[in-house]
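Student: Dumping the structure here so I can ask a few things about it.
The values are calculated or read from the model by the stated rules, or taken from the named source; none is laboratory data. Worth saying up front: this structure is predicted, and the values here are computed from it rather than measured. Note: ideal-geometry Cβ built from the backbone for every residue, glycine included; neighbour counts use all protein chains shown.
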Amino acid sequence: MSCLLVAQDDFIIINNKSSYGQKERPDPVFPHRRHTDSGLSCSYCHHRYLDGKNLLDYSELKAGNPEIRCANCHNRTDSRHGLMDSYHLLCMGCHKDSEIKYKRSGPRLCGNCHVKKR
Ligand code: HEC
Ligand code: HEC
Ligand code: HEC
Ligand code: HEC
């Protein structure tokens, strides 16, 4: 899988304004390329579950494809987790694990992801 697809999305500002009404926190800036450069497979974060199996088709992972946006699926009331929880579980879950396993990790404190603009 080539990383060329995401080369332009080095940093993604995550802002699903319309899903929350009024946002409480500053928009997180997600260093996408830094994560893929660490050798994480795309399917660790991107998924299309069927009977508990991730059957993601990598050709779907194209910039601007609305179907791969987290909010496309986790926005719905019939989903087990709300949108904020789905991000928090994925992001902080792994940051916690990798801190234990690799001693190298990303933020778990609110203000280090929701960084106030100066
Ligand atoms: C550590 C988690 C993680 C990994 C690993 C990851 N992604 Fe992502 N990716 C995200 C998140 C989060 C978003 C933003 C989605 C959102 O907020 O709706 C995103 C967005 C994207 C987008 C959409 C960008 C846009 O602006 O439309 C593409 C394309 C993409 N990823 C491709 C890939 C590919 C290809 C790989 C593997 C080489 C990959 N991703 C690996 C988390 C990840
Ligand atoms: C095509 C639809 C779809 C997209 C897009 C999608 N998800 Fe999911 N996700 C699911 C389904 C279905 C499940 C499994 C059922 C459930 O727990 O809601 C799931 C499960 C999860 C889980 C595990 C929940 C648990 O019980 O532990 C997390 C965390 C998660 N998604 C986060 C994300 C994030 C973050 C993104 C964006 C990078 C994303 N998802 C994109 C459909 C999707
Ligand atoms: C599968 C594991 C994993 C997931 C999922 C993940 N991260 Fe990370 N993240 C890491 C690791 C490991 C590092 C440290 C990378 C390094 O040191 O190069 C990191 C670093 C970061 C950093 C710090 C970069 C810096 O400049 O110090 C930010 C910000 C970050 N992650 C945000 C996020 C957000 C937001 C999400 C969810 C959308 C997320 N991460 C999901 C593993 C993960
Ligand atoms: C690893 C990064 C990360 C950390 C740490 C983190 N968040 Fe988030 N948070 C996110 C992402 C990504 C979103 C999704 C933003 C969106 O959808 O617009 C989010 C969404 C939210 C939202 C819903 C959107 C809004 O602004 O109203 C709230 C509230 C929130 N977080 C509060 C917190 C609090 C409180 C903490 C500390 C306990 C925290 N977050 C820690 C990444 C993080």
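Student: Every residue in region 54-86 that is outside any loop (DSSP other than H, G, I, E, B), touching an Asp or Glu at 6+ places or on another chain (Cβ under 8 Å) and of a type in the set (A, V, I, L, M, F, W, C), please.
Tutor: ILE68
Student: Given (1) in a helix (DSSP H, G or I); (2) more than 12 Å from ligand 1 (Cβ to nearest atom); (3) among the charged types (D, E, K, R), identify the lone condition not met by ARG108.
Tutor: (1)
Student: Shifting gears a bit: Within the set of pairs 6 or more residues apart or between chains, which connect a residue that is within 25 Å of LYS62 (Cα to Cα) inside region 20-32 to a residue that is of a type in the set (D, E, K, R) and in a loop (DSSP other than H, G, I, E, B) with Cβ atoms less than 6 Å apart?
Tutor: Matching pairs, first to second residue: HIS32/ASP9.
Student: Does region 110-117 contain any residue that is closer than 20 Å to PRO31 by Cβ, modelled with pLDDT under 95 and near ligand 4 (Cβ under 9 Å from one of its atoms)?
Tutor: For region 110-117, residues closer than 20 Å to PRO31 by Cβ, modelled with pLDDT under 95 and near ligand 4 (Cβ under 9 Å from one of its atoms): absent.
Student: Right, another one. Restricting region 56-85 to residues that are within 14 Å of ASN16 (Cα to Cα) and among the basic types (Lys, Arg), which is modelled with the highest pLDDT?
Tutor: Applying the filter and picking the extreme gives ARG69.
Student: Counting just the residues of region 24-53 that are assigned to a loop (DSSP other than H, G, I, E, B) and surrounded by fewer than 12 Cβ atoms within 10 Å (Cβ to Cβ), which one comes out farthest from the chain's Cα centre (by Cα)?
Tutor: If we take residues in region 24-53 being assigned to a loop (DSSP other than H, G, I, E, B) and surrounded by fewer than 12 Cβ atoms within 10 Å (Cβ to Cβ), then ASP51 is farthest from the chain's Cα centre (by Cα).
Student: Looking at (1) near ligand 1 (Cβ under 10 Å from one of its atoms); (2) free of Cβ contacts under 8 Å to residues at least 12 places away in the same chain; (3) surrounded by fewer than 11 Cβ atoms within 10 Å (Cβ to Cβ), which is the one condition that is false for CYS73?
Tutor: (3)
Student: Say we look at region 96-105 and pick out the residues that are in a helix (DSSP H, G or I) and not small (Gly, Ala, Ser); which of these is farthest from ligand 2 (Cβ to nearest atom)?
Tutor: TYR102
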